[in-house]
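This report concerns only the one structure given below.
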Amino acid sequence: MRTVGKMRHNLRIKPEQKEDSLYKRTEREELEPAPLVVPSKLQQSLQFNLKPTFEEKPKEKKECVIARNTALILEPEEAKRKRMMHMLRVINKDIVKKSEAAHEKYLAEKAKEEAGKARKEHQSSKEGDFPHPNPT
């Protein structure tokens with residue numbers, strides 16, 4: 001009795017291959033190098049002829065004017081959603097302000113306590129609460 005592998009070998013038949021099992025060439029995007037960024041402190045310390053010059057891009061003001069002067073008419077549901085988001089932002093800002101104020105108050109109390117402890121320690125070390133090493 002012959003195995004399937006031996007029969008294929010004798011008949012020179014290649015085994016069936018699944019499309020998913022074949023190796024595929026990976027296609028990667030071309031890497032674009034990031035623009036050179038010179039830190040501002042380094043720019044200040046460079047000589048004038050070595051400082052990088054950057055061309056200012058012309059800004060299109062017409063689009064800004066058109067966008068600023070064009071009125072947006074929202075659907076009733078969109079307007080309702082926008083009002084709700086605005087209310088939530090206002091509430092969140094208020095909560096953040098309150099928590100920051102409470103944190104500032106806590107830090108002030110903590111600093112006051114630390115100052116009191118430091119003053120007490122300084123007073124106790126000045127007064128000589130510790131026993132003298134040579135009692136005679």
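If you take the alpha carbon radius of gyration of the chain and divide it by 2.2 N^0.38 Å, what ratio comes out, to two decimals? Walk me through the numbers before you get to the answer.
Details: Rg = 38.3 Å, N = 136, 2.2 N^0.38 = 14.2 Å.
Normalised Cα radius of gyration, the chain: 2.69.
Determine, from the Cβ-Cβ distance of residue 66 and residue 89 and an R0 of 30 Å, the FRET efficiency 1/(1 + (r/R0)^6), rounded to the nearest 0.05. Before the final figure, lay out each step's value.
Numbers: r = 27 Å, r/R0 = 0.90.
It comes out at approximately 0.65.
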Toy charge model, Lys and Arg Cβ at +1, Asp and Glu Cβ at -1: the chain dipole around Cα centroid in debye, rounded to 20, equals 660 debye
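Rank the residues 37, 90 as a footprinting-exposure proxy: fewest other Cβ atoms within 10 Å of their Cβ go first. Walk me through the numbers before you get to the answer.
Working: 37 7, 90 10.
Least to most surrounded, the residues fall as 37, 90.
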Between the residues 36, 7, 108, the Cα farthest towards the positive end of the dipole of the chain, that dipole coming from +1 and -1 charges on the beta-carbon of Lys, Arg, Asp and Glu, is from 7
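None of the figures in this text is laboratory data; all of them are computed from the coordinates on show. Since this is a predicted model, take the numbers as computed values, not measurements. We place every Cβ from the backbone using ideal geometry, glycine too, and count neighbours over all the protein chains shown.
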